[in-house]
Amino acid sequence: MMVDAAGIEKIIPHRGDMRLIDEIREYNETSGVGIHYVRDNEFWCAGHFPGKPIMPGVLQVEALAQTACFIALTNLGITDGSTLGYFTTMEKIKFSHMVMPGDVLELHVELLMSKMRLYKFHGIAMVSGKKVAEATFTAIMDTKDK
């Protein structure tokens, strides 16, 4: 089941330049695949780095986390944008290849553990079938008004 940008924005709170997933290609209760089309007009291109834009690793991890957030909130049945996910830990982060404009970043995430409002995921970002980044991260889900 594919979900487009409008469907994603019904679930996660990220907007504008900070929404780093363009579509969800597939998902279930414990895993999913998000997609980010890396464009040459993204906010980081001019400064990271001039003449050779390379997507910052922290944004790759953020894109993985947004994909995970979509899965967690969908599983909770929260579809009104009222809940935020906050990082609590990031572990075992590795970057193995550069991501540049024109790349299609595939964001594979798997739920490792959930307890109350705490969720732990493992994510692998890939371009053309090659792993470019990997991370394990934990987030807590909380409503916007708290």
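Can you give the charge dipole size of segment 1-76 about its Cα centre, rounded to the nearest 20 debye, using +1 on the beta carbon of Lys and Arg and -1 on the beta carbon of Asp and Glu?
Roughly 140 debye for segment 1-76.
Considering the options Gly123, His14, Met113, tell which one lies farthest towards the positive end of the dipole of the chain, charges being +1 on Lys and Arg and -1 on Asp and Glu at the Cβ, about the Cα centre.
Most positive-ward Cα: Met113.
Considering Cα pairs under 8 angstrom that are at least six residues apart, work out the relative contact order of the chain and quote it in whole percent.
Over the chain, the number comes to 26 percent.
Please give the per residue accessible area of segment 15-146, computed with a probe of 1.4 Å over protein heavy atoms only, in Å². The partial results should precede the final answer.
On the way: 6860 Å² over 132 residues.
Using a 1.4 Å probe on heavy atoms only, each residue of segment 15-146 averages 52 Å².
For a paramagnetic label modelled at 7 Å from the Cα of Arg39 toward its Cβ, which residues of segment 101-119 fall within the zone defined by backbone nitrogen distances under 20 Å?
Label zone hits: 101-107.
How large is the translational diffusion coefficient of segment 83-146 in µm² per second when you combine the Kirkwood radius over alpha carbon pairs with Stokes-Einstein at 25 °C and 0.890 mPa s?
Values: Rh = 13.0 Å.
Result for D is 189 µm²/s.
Tell me, what are the semi-axes, in whole angstrom and largest first, of the equivalent ellipsoid of segment 1-118 as set by the roots of 5 times the Cα gyration tensor eigenvalues? Intermediate results must be reported in sequence, preceding the final value.
Numbers: eigenvalues 124, 50, 33 Å².
Whole-Å semi-axes of the equivalent ellipsoid: 25, 16, 13.
Per-residue HN-Hα couplings for segment 3-14, Karplus 6.51 cos²θ - 1.76 cosθ + 1.60 at θ = phi - 60°, whole Hz, x for Gly and Pro?
In residue order, the calculated couplings are 10, 8, 4, 4, x, 5, 5, 6, 9, 9, x, 5 Hz.
How tilted is helix 57-76 with respect to the longest principal axis of the chain? Cα atoms for both, answer in degrees (0 to 90, nearest 10).
With both axes taken from Cα atoms, the answer is about 20 degrees.
Give, as a single signed number, the net charge of other residues whose beta carbon lies under 12 Å from the beta carbon of His108, with Lys and Arg counted +1 and Asp and Glu -1. Each step should come with its number before you reach the end.
On the way: positive: Arg25, Lys131; negative: Glu26, Glu106, Glu110, Glu134.
Every neighbour counted, the sum reads -2.
If the label point is 7 Å along Cα→Cβ of Ser31, which residues in segment 72-110 have backbone nitrogen under 14 Å from it?
Only 107-110 pass the distance filter.
Efficiency by 1/(1 + (r/R0)^6): what FRET value for Asp80 and Lys130, r their Cβ-Cβ distance, R0 = 35 Å, to the nearest 0.05?
On the way: r = 37 Å, r/R0 = 1.06.
Using R0 = 35 Å, I get an efficiency of 0.40.
Computing the accessible area with a 1.4 Å probe over protein heavy atoms, can you report the carbon and sulfur percentage for segment 20-146? Let's see the in-between values first.
On the way: 3570 of 6470 Å².
C and S fraction of accessible area: 55 percent.
Give me the dipole magnitude in Debye, nearest 20, for the chain about the Cα centre, with unit charges on the beta carbon: positive for Lys and Arg, negative for Asp and Glu.
Values: 15 positive and 18 negative charges, 80 e Å.
Here the size comes out at about 380 debye.
The values are calculated or read from the model by the stated rules, or taken from the named source; none is laboratory data. Nothing here was measured: the structure is a model prediction, and the numbers come from that model. Note that we place each Cβ from the backbone using ideal geometry, even for glycine, and neighbour counts take in every protein chain shown. Each accessible area value is taken on the protein alone, full model and side chains, heavy atoms only, with ligands, DNA and RNA left out. Shrake-Rupley method; radii C 1.70, N 1.55, O 1.52, S 1.80 Å.
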